[in-house]
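> Sharing a structure here in structure tokens format.
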Amino acid sequence: TNPGFVVRITQAGLDYAHQQGITMLEKQLAQLKLPDISGDSRVGRVGKVHYELSRLRLRDFHLPYSRITPISNVGLQVSISNAFAELDGDWRVKFLFVRDHGSFDLKVENVYIKISLRLGSDTTGKPTISTSDCSTRISKVRVLFSGKFGWLYNLFHSAIESRFRKILESKVCDIVDESVHSELQTYVRTLPVTARIDDKAGIDYSLVAPPRATTQSLDADLKGEFYSLAHRSTVPFSPLPLALPSDHDRMVYFGASSYFFNTAGVTYHEAGALVFEITEDMIPKDAGFSLETSIFSAFVPQLEEMYPDMPMKFRLSTPAAPFLTIGPGGISLRPIVDAQAYVILPDSSLAPLFLLSLVRNVSAVINVRSGRIVGSLDVGRIRLSLKDSAVGTFQVRTMQSLMNILTSSTLLPRLNARLDEGFPLPLLDRIKLSNILVRFYENFLLLGADVQFQPR
């Protein structure tokens with residue numbers, strides 16, 4: 001299935017996400033709980049040293065050097081090098097007739113961690129992330145004991161360092177697994193797979209395939225389809241292939257196809273939301289005319305004879321869903337609108353007068369604000385034709401300027417007010433966009449942005 005919407009996270013975006021993740025992992029590792037350690041270390045034929053280490057406290061765990069790399073067809077790999085940690089605790093030792101106790105400091109240096117992350121999606125279309133592999137290698141552990149029997153500590157020094165190395169190497173990957181599962185997996189599931197827009201429509205942002213890693217980015221193909229909240233039906237056309245350009249200046253890119261926008265037209269048309277009424281109270285005071293038969297009788301002479309000086313109203317509707325095209329020059333459409341004119345009779349009932357077909361060129365300006373796609377429409381002149389009349393035939397061409405003013409001063413502001421509210425982009429929780437870029441390509445709109453994570 002071709003996606004209607006594509007999200008790309010570039011290396012810069014992955015690096016930023018990686019910084020946030022490493023900060024989180026450092027905090028998790030700093031809370032690492034280590035078990036008490038005890039054992040015996042044999043000293044030649046003399047005997048053995050019995051040691052006990054307790055109240056082990058991890059003071060800090062630093063991950064100063066790390067990087068994240070997308071691996072094609074595999075996922076993400078996080079490499080951490082030269083990490084270090086410091087611990088302290090209490091010790092007790094027994095050797096022959098000698099007993100001693102005190103405190104110790106432990107320094108762990110040159111820690112190398114390699115983490116492989118598997119990316120997927122669940123049955124609801126939400127992304128998933130898990131640890132597919134984790135390995136930890138510690139090349140240097142130093143234990144510093146306080147006490148007066150220096151020769152005694154050397155008897156079990158190496159045994160303790162070896163045990164600490166093995167315990168830490170296993171514990172680190174346990175913490176990584178838990179952190180990925182409880183923190184990272186929970187966070188990526190904040191991606192909304194459906195977004196309610198209003199009381200009529202929502203957007204389906206579910207994944208149509210697992211996210212895929214390339215050598216330079218992480219791409220996610222989303223359904224990108226508007227749907228009716230009342231009754232979901234099959235869209236009568238399919239999305240075309242959508243291939244984003246190799247731009248990498250921003251942290252994240254969104255590719256919104258013409259399919260994405262056109263499903264909005266279908267949804268709102270089927271919901272009856274593309275029906276507008278124009279009445280006298282909607283005419284701006286500076287328009288210079290009133291919505292009355294006396295005004296329109298200049299174009300339709302029969303009106304003055306049949307309905308002299310009576311109020312009128314128009315009902316505008318689209319006989320078919322509007323269909324837009326996206327190209328390098330921008331977004332354009334040529335909607336067809338039926339304009340049914342009525343006269344309002346003294347008993348408030350309506351009598352049909354004439355039905356006009358309005359065709360006009362429309363272009364759209366698109367931007368992103370507060371994580372939402374917002375827009376506005378700019379319209380050209382109307383081309384009119386007469387579809388039906390209950391008041392005889394007349395020349396519609398002479399009415400063109402008046403209808404142009406009528407729709408531009410009443411219908412266009414209402415549409416632009418709705419478009420200014422915008423439609424939500426598929427964003428993870430607490431993500432703010434900045435440095436917005438908007439470009440147009442054949443069949444899709446490209447939005448680029450940098451991101452900022454806002455902690456709670």
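The values are calculated or read from the model by the stated rules, or taken from the named source; none is laboratory data. Predicted model only: the values in this text are computed from it and were never measured. Virtual Cβ from ideal backbone geometry, glycine too; neighbours counted across all protein chains shown. Note: accessible area is taken over every heavy atom of the protein model, side chains too, but ligands, DNA and RNA are not part of it. Shrake-Rupley method; radii C 1.70, N 1.55, O 1.52, S 1.80 Å.
> Can you tell me how much longer the chain between ARG163 and ILE71 gets when fully stretched, taken as 0.36 nm per residue apart minus their C-alpha distance, in nm with one decimal?
That pair, ARG163 and ILE71, stretches by 29.7 nm at full extension.
> I need the Debye-formula profile for segment 151-267: one equal scatterer per C-alpha, no solvent, reported as log10 I(q)/I(0) at q = 0.13, 0.17, 0.20 1/Å, two decimals.
Cα-only, vacuum Debye calculation for segment 151-267: -0.72, -1.00, -1.17.
> I'd like the FRET efficiency for THR124 and HIS50, computed as 1/(1 + (r/R0)^6) with the beta carbon distance as r and R0 of 56 Å, rounded to 0.05.
0.50
> Next question, about the same structure. What do the square roots of 5 times the Cα gyration tensor eigenvalues come to for segment 293-385, in whole Å, largest first, as semi-axes of the equivalent ellipsoid?
Numbers: eigenvalues 259, 44, 25 Å².
Ellipsoid half-lengths, sorted descending, are 36, 15, 11 Å.
> Still on this structure, please answer the following. Using θ = phi - 60° and the Karplus relation 6.51 cos²θ - 1.76 cosθ + 1.60, list the HN-Hα couplings for segment 73-89 in order, rounded to whole Hz, with x at every Gly or Pro.
For segment 73-89, the Karplus curve yields 6, 10, x, 10, 10, 10, 10, 10, 10, 6, 6, 8, 9, 10, 10, 9, x Hz.
> Please compute the per residue accessible area over segment 194-453 with all protein chains in place, 1.4 Å probe, rounded to a whole number of Å².
Values: 12290 Å² over 260 residues.
For segment 194-453, the solvent-accessible area averages 47 Å² per residue.
> Cβ under 15 Å from PHE299's Cβ, PHE299 left aside: what net charge do those residues give with Lys, Arg +1 and Asp, Glu -1? Mind dumping the intermediate values first?
On the way: positive: ARG397; negative: GLU292, GLU304, GLU305.
So the environment of PHE299 carries a net charge of -2.
> If you don't mind, there's one more thing I want to ask. Label-point separation (nm) for GLN19 and VAL379, each offset 7 Å from Cα along Cα-to-Cβ?
Computed distance between label sites GLN19 and VAL379 equals 4.7 nm.
> A follow-up question, please. ALA12 to GLN31: extension gain in nm, 0.36 nm per residue of separation minus the Cα-Cα distance?
3.9 nm
> Given the Cα atoms of segment 194-453, and with Rh set as the inverse mean 1/r over their pairs in the Kirkwood sense, what is Rg to Rh to two decimals? Don't jump to the answer; show the numbers that get you there.
On the way: Rg = 22.0 Å, Rh = 20.7 Å.
Result for segment 194-453 is an Rg/Rh of 1.06.
> What ³J(HN,Hα) values, in whole Hz, does the Karplus curve 6.51 cos²θ - 1.76 cosθ + 1.60 give for segment 50-63 when θ = phi - 60°, with x put for Gly and Pro?
9, 10, 9, 10, 9, 6, 6, 10, 8, 6, 6, 9, 10, 10
> Under 16 Å from the Cα of LYS94, which aspartates and glutamates turn up, not counting those fewer than eight places away in the same chain?
The reachable aspartates and glutamates, counting only those whose Cα sits under 16 Å from LYS94, are ASP40, GLU52.
> May I ask you to evaluate 6.51 cos²θ - 1.76 cosθ + 1.60, the Karplus curve with θ = phi - 60°, for each residue of segment 346-352 and list the ³J(HN,Hα) values in order in whole Hz, giving x for glycine and proline?
Once rounded to whole Hz, the list reads x, 8, 6, 6, 10, 10, x.
> Which net charge results when you count Lys and Arg as +1 and Asp and Glu as -1 among the other residues whose beta-carbon is under 10 Å from that of ILE37?
My count for the surroundings of ILE37 gives -1.
> Follow-up question, since we're still on this one. Report the calculated FRET efficiency for GLN452 and ASN367 (r = Cβ-Cβ distance, R0 = 22 Å), to the nearest 0.05. Display every interim value, and only then the final one.
Details: r = 18 Å, r/R0 = 0.83.
The formula returns an efficiency of 0.75 here.
> Oh, and also: Tell me, what % of the accessible area of segment 194-453 is carbon and sulfur with a 1.4 angstrom probe?
53 percent
> Compute the accessible area per residue over segment 12-189, keeping the other protein chains in place, probe 1.4 Å, unit Å².
On a per-residue basis, 53 Å².
> Scan around MET310 for amide H atoms under 5 Å from its own, H built in the peptide plane at 1.01 Å from N, and keep only partners 5 or more places away or cross-chain.
Distant-sequence amide H within range of MET310: THR293, SER294.
> Another question, then. How big is the equivalent ellipsoid of segment 1-128 along its three axes, where each semi-axis is √(5λ) from the Cα gyration tensor, reported in whole Å from largest to smallest?
47, 15, 13
> Another question, then. What whole-number volume per residue, in cubic angstrom, does the convex hull of the C-alpha atoms of segment 105-190 give?
90 Å³
> Between PHE237 and GLU305, what's the calculated FRET efficiency when r is the beta-carbon distance and R0 is 41 Å? Round to 0.05.
0.30
> How many nm is it between the label spots at LEU437 and SER79, if each spot is 7 Å from the Cα in line with the beta carbon?
Distance between the two pseudo-spin positions: 2.7 nm.
> Just flag the trypsin sites (Lys or Arg not before Pro) in segment 94-167 sitting in loop per DSSP whose Cβ has no more than 16 other Cβ atoms within 10 Å. Don't skip to the end; give the middle numbers.
On the way: sites: LYS94, ARG99, LYS107, LYS114, ARG118, ARG137, LYS140, ARG142, LYS148, ARG163, ARG165, LYS166; in loops: LYS148.
Here the trypsin sites (Lys or Arg not before Pro) that fit, given the DSSP loop and packing criteria, are LYS148.
> If amide hydrogens are placed 1.01 Å from N in the peptide plane, which non-local residues have theirs closer than 5 Å to the one on PHE323?
ARG334
> Only one of the values [x] 1.27; [y] 1.00; [z] 0.97 was calculated from this structure for Rg/Rh (Cα atoms, Kirkwood Rh); name its label.
Computed from the coordinates, Rg/Rh (Cα atoms, Kirkwood Rh) corresponds to [x].
> Between ALA273 and VAL359, what is the label-point separation in nm under the 7 Å Cα-to-beta-carbon projection?
The two pseudo-label positions are separated by 2.7 nm.
> Whose amide H sits under 5 Å from the amide H of GLU277, counting only residues 5 or more places off or on another chain, with H placed in the peptide plane?
For GLU277, whose amide H was placed from the backbone, the distant partners under 5 Å are LEU316.
> Next question, about the same structure. In the chain, which helices (entire DSSP H runs) extend 27 Å or more along their own long axis, judged by Cα positions, while averaging at least -0.5 on the Kyte-Doolittle scale?
Helix filter hits for the chain: 11-30, 150-179, 400-421.
> While we're here: Tell me the carbon and sulfur percent of the accessible area for segment 1-83, rounded to whole percent, probe radius 1.4 Å.
Taking all protein chains in place, segment 1-83 shows 47 percent carbon and sulfur surface.
> Which residue, THR407, PRO210, GLY330, has the largest displacement toward the positive end of the dipole of the chain when charges sit on each Cβ (Lys, Arg +1; Asp, Glu -1)?
Value computed over the given set: PRO210.
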